[in-house]
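The values are calculated or read from the model by the stated rules, or taken from the named source; none is laboratory data. Worth saying up front: this structure is predicted, and the values here are computed from it rather than measured. Cβ: placed from backbone, ideal geometry, glycine included. Neighbour counts: every protein chain shown.
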Amino acid sequence: MDLSFNAEERAFQDEVRGFIAKNLTEEMKRATALTPSVFSDPDVGMAWQRALHARGWGAPGWPVEHGGPDWTPAQRWIFETESARAGVPNVNVMGVKMVGPVIIGFGSPEQKNFYLPRILSGEDYWCQGYSEPGSGSDLSSLKTRAVREGDDYIINGTKIWTTHAHHANRMFALVRTSDGPRQQDGISFILIDMKTPGITTRPILTIGGDHEVNQVFFDDVRVPVANRVGEEGKGWTYGKYLLEFERGSGIASAKLREGLKAIAELAESDLTGRAIDSPDIATRISEVEVDIDALEMTELRVLSALQTGQNPGAVSSILKLRNSEIRQAVTRLGVDVIGHDALAVEPMRPLYQLNHEPAVPEEMLTVVPEYLNGRAYTIFGGTSEIQRDIIAKMMLGI
Amino acid sequence: MDLNLTDEQRLLRESAERFVAESYDADHRRKMANDPLGFSPTVWKQFAELGWLALPIAEEFGGLGGSAVEIGILMEAFGRGLVSEPYIATVVLGAALVERCGSTAQKQAILPKIAEGSVKLALAHSERAARFDLAKVATIANKTAQGWRLSGSKIAVLDGHAADEIIVSAHIRDQRGASGRIGLFLVSAQTPSLVISDYVRLGGGRSCNIELSDVFLPEAALLGDGHDALPAIEWAIDRAMAALGAEAVGIMQVLLDTTLEYTKIRKQFGRPLSANQVIRHRLADMAVQVDEARSIALRAALKVDAEPVQRARAASGAKAKIGRSARFVGEQSIQLHGGMGVTEELEVGAYFKRLVAFDTLFGGSAHHYDRHARLGRTTVPA
């Protein structure tokens, strides 16, 4: 048992560091640090995706024949960790990490040939049409309906919480194509061109003041049947497969550690009047740091199991649950650390392109918005309550 | 980077779990709870035969040169059975301090005997006024013409009643007065004017308080050459905390498994307790905390030989976090067992009490989060 990397892994670590040093500009870094939502805006995020793609690292989890780099789990861990340490843009995961694996797993040869290269290059920008106003945690109760008419489906309904729908040119969506005995039956997985007539997008501002999510309306939207992935009515299976990816991408500790580091630096700075001198703040920083240490070890245990071909089991729910809770603890701590300055609201976006002097030092600008927006971490991708249900069912058998 | 068990480690785990399952049951534990020694010399002999007493000792002194990870594997199995043998006192603390601080002659004299099971040790370091501060030692060792004269009071000495030799820490005072150094002294349990008052320890086994009033020791009683032993004491206790963390994981796993089974069988309002979401979520939280405890205990074990600040932060972090999850899992196990959980008729309480003892040993969660925080600051406040 060993926590250290072998010579090959250290060489790879140097390679990743070299790549980042060469490609990550100060502007990208600053824009990333000053983005209080989950993903970078497309101009920043896609610039990074193009750099990764040019290096052959555009899709770490994909098989080699579709352009994956064929990394070992340890290499993926090194890549994600080094990326987090350096503060690279948070590339929207909807393409590479979500719809990509579904198309690879269940798509037709034509779909693979058409979509996969466009995801890799960043030419296509994807959003996810899953949740509906009436279907949140109970996702399979969704009502957006696709009715077959010749070689097309006619889609009517609405999707909500659609991250970056206002930027995306494509959406993958779960729609109801028939009514089965169980509500999970009769759902299909469809790829939709966002420019199709009948689609309208309404922005939804989150409480931190950011426009990241939307509601999307479908009014007699005509989509070719050829855009369905896999079999009609099997969409639930594909959608669940994808949710496993959303929960268990499994390498979150490095990013949490960077987030905590930024807060700890503020706490040790005169900007906050040395918040760290309060024993309560100092202890809470330690509590969160130890929680991150534990999460990191769990990630590494999973990784070790994967390296030898073992199935890590329902642990992806533990990782999702703890990652989201710890992230909230970091942001909660941040608000307490900045003290007086938590009162200042900066309504302009993006924060990295303000044309006025903000009321608080730049390194504090994202603290309150991240805390406020961050309440969503324990809600999206399956709420913490759903994760506890999964843990009870899958791990404990009750 | 590989956190999978090696084949040897897997075998160790299997044999330890098998041994504990076969030798330790409720009857055995009840017998030990009323035993004046608090553990079984026969079991101790079996530990020696299985090579467990030799595990961390270097090969040149009759040991097996095992790592903290193997100690953790063993301790987790011990936790499952609430083993009360003095393993931490003798092997994890005692042997480690002799190996790190002792002269070659001392190591040769003591370590092989620990490995074969004929000598047991204990560490007498804590004092009432020091609370959990390891640097605070009021016991004095005066240099005399013949050797040493020790005076002071020690408390909460793990398994001191059973030790052949007790390692006592004391501030060294020589002809020039206080040296500012802490020394470790090997004090035979037979030494006259050594007063050992032992008591039943919460959660199993025994501990004791020790009074030393003008205890005369030979020159050679000093472990090593009189360098300040505080760094070694911190090092040894960090190792002990990593080992105890693994033991706590074993205890928590048993409580989780037992409570889970109970909620499936116990029916109220016409259905099993486990059919209620509030119960299912509580159990899920317990399972998550056991898993986190397992991760952080392993981390502490893997860091025992890191540089001191990293090692100490890993050990304190693990001790603090596991202490907190131990209280949660223990308290909730009793809660979910209902009234029966509060009685001595079930063993849930025995496992819970060992977890409470774990949280208290060498300092509770609050102390260790504080130590972790102090060691983690990049700047020292004015």
* Only one residue in A:Leu351, A:Leu365, A:Leu372 is within 26 Å of A:Gly250 (Cα to Cα) and of a type in the set (A, V, I, L, M), so which one is that? -> A:Leu372
* When both residues are 6+ apart or on different chains and their Cβ atoms are under 7 Å apart, which pairs have a first residue that lies in region A:276-295 and is within 14 Å of A:Leu266 (Cβ to Cβ) and facing chain B (nearest Cβ under 7 Å), and a second that is surrounded by fewer than 22 Cβ atoms within 10 Å (Cβ to Cβ) and acidic (Asp, Glu)? -> A:Ile276/A:Glu268
* Lone unmet requirement of (1) within 13 Å of another protein chain (Cβ to nearest Cβ); (2) in a helix (DSSP H, G or I); (3) free of Cβ contacts under 8 Å to residues at least 24 places away in the same chain for B:Gly349 -> (1)
* Identity of the residue in region A:375-398, over 22 Å from the mean Cα position of the chain (by Cα), assigned to a helix (DSSP H, G or I) and surrounded by fewer than 16 Cβ atoms within 10 Å (Cβ to Cβ), that ends up modelled with the highest pLDDT -> A:Lys393
* Structure fact -> Pairing a residue in region B:316-343 that is more than 13 Å from chain A (Cβ to nearest Cβ) and closer than 13 Å to B:Asp285 by Cα with any residue that is in a helix (DSSP H, G or I) and of a type in the set (Ser, Thr, Tyr), where Cβ atoms lie under 6 Å and the two sit 6 or more apart in sequence or on different chains, gives B:Ser333/B:Thr259
* Filter result (away from every other protein chain (no Cβ under 14 Å) and at pLDDT below 95) within region A:70-90 -> A:Asp70
* Right, A:Thr298: free of Cβ contacts under 8 Å to residues at least 40 places away in the same chain, within 12 Å of chain B (Cβ to nearest Cβ), buried (at least 23 other Cβ atoms within 10 Å of the Cβ) and of a type outside the set (D, E, K, R) or not? -> yes
* To do: Select from region B:67-115 the residues that are of a type in the set (D, E, K, R), surrounded by fewer than 24 Cβ atoms within 10 Å (Cβ to Cβ) and either touching a helix residue (DSSP H, G or I) at 6+ places or on another chain (Cβ under 9 Å) or at pLDDT below 95 (or both) and list them in ascending order.
  => B:Glu70, B:Arg80, B:Glu99, B:Arg100, B:Lys107
* Asked: Here are A:Leu321, A:Leu306: which of them is within 13 Å of chain B (Cβ to nearest Cβ), more than 21 Å from the chain's Cα centre (by Cα) and in a helix (DSSP H, G or I)?
  -> A:Leu306
* Answer with yes or no whether B:Ala366 is surrounded by 22 or more Cβ atoms within 10 Å (Cβ to Cβ) and within 14 Å of chain A (Cβ to nearest Cβ). => no
* To do: For A:Trp62, indicate whether it is within 14 Å of another protein chain (Cβ to nearest Cβ), touching a helix residue (DSSP H, G or I) at 6+ places or on another chain (Cβ under 7 Å) and buried (at least 19 other Cβ atoms within 10 Å of the Cβ).
  => no
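Condition check ((1) surrounded by fewer than 23 Cβ atoms within 10 Å (Cβ to Cβ); (2) in contact with a Cys (Cβ under 9 Å, 6 or more places away or on another chain); (3) β-branched (Val, Ile, Thr)) across all residues:
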{"residue": "B:Arg176", "(1), (2), (3)": "yes, no, no"}
{"residue": "B:Leu194", "(1), (2), (3)": "yes, no, no"}
{"residue": "B:Ser197", "(1), (2), (3)": "yes, yes, no"}
{"residue": "B:Arg206", "(1), (2), (3)": "yes, no, no"}
{"residue": "B:Leu230", "(1), (2), (3)": "yes, no, no"}
{"residue": "B:Ala243", "(1), (2), (3)": "no, no, no"}
{"residue": "B:Ala246", "(1), (2), (3)": "no, no, no"}
{"residue": "B:Ile265", "(1), (2), (3)": "yes, no, yes"}
* Any pair with Cβ under 8 angstrom, 6 or more apart, that starts in region A:9-26 at a residue that is on the phi < 0 side of the Ramachandran plot and charged (D, E, K, R) and ends at one that is surrounded by 13 or more Cβ atoms within 10 Å (Cβ to Cβ) and outside any helix (DSSP H, G or I) -> A:Glu9/B:Met1
* **Test: residue in region A:210-221 that is more than 14 Å from every other protein chain (Cβ to nearest Cβ) and touching a Phe, Trp or Tyr at 6+ places or on another chain (Cβ under 6 Å)** => yes
* Structure fact -> Per the filter on region B:1-60, residues over 30 Å from A:Asn311 (Cβ atoms), crowded, with 16+ Cβ neighbours inside 10 Å and of a type in the set (D, E, K, R) are B:Arg29
* Kindly check whether there is at least one residue in region B:294-308 that is away from chain A (no Cβ under 12 Å), in contact (Cβ under 8 Å) with a residue 12 or more places away in the chain and either more than 21 Å from B:Glu76 (Cα to Cα) or in contact with a Pro (Cβ under 9 Å, 6 or more places away or on another chain) (or both). => yes
* **Complete set of residues in region B:247-286 that are more than 9 Å from chain A (Cβ to nearest Cβ), farther than 15 Å from B:Ala326 by Cβ and among the aliphatic types (A, V, I, L, M)** => B:Ile265, B:Leu273, B:Val278
* Can you tell me how many residues in region A:48-59 are surrounded by fewer than 21 Cβ atoms within 10 Å (Cβ to Cβ) and at negative phi? -> 5
* Structure fact -> Of those in region A:309-318 that are crowded, with 21+ Cβ neighbours inside 10 Å and of a type in the set (A, V, I, L, M), the residue nearest to the other protein chains (Cβ to nearest Cβ) is A:Ile318
* Which of the residues belonging to region A:131-152 are modelled with pLDDT under 95 and not small (Gly, Ala, Ser)? -> A:Asp138, A:Leu139
* To do: Working only within region A:361-374, note down all residues that are assigned to a loop (DSSP other than H, G, I, E, B) and surrounded by fewer than 19 Cβ atoms within 10 Å (Cβ to Cβ).
  => A:Pro361
* Which one of the conditions (1) surrounded by fewer than 18 Cβ atoms within 10 Å (Cβ to Cβ); (2) within 21 Å of the chain's Cα centre (by Cα); (3) assigned to a helix (DSSP H, G or I) does B:Ala301 fail to meet, given that it meets all the rest? -> (1)
* Structure fact -> If we keep only residues of region B:117-135 that are loosely packed, with under 14 Cβ neighbours inside 10 Å and among the charged types (D, E, K, R), then the residue nearest to B:Asp198 (Cα to Cα) is B:Arg128
* Of all the residues that make up region A:324-335, how many are of a type in the set (Val, Ile, Thr) and either over 24 Å from B:Arg324 (Cβ atoms) or within 11 Å of another protein chain (Cβ to nearest Cβ) (or both)? -> 1
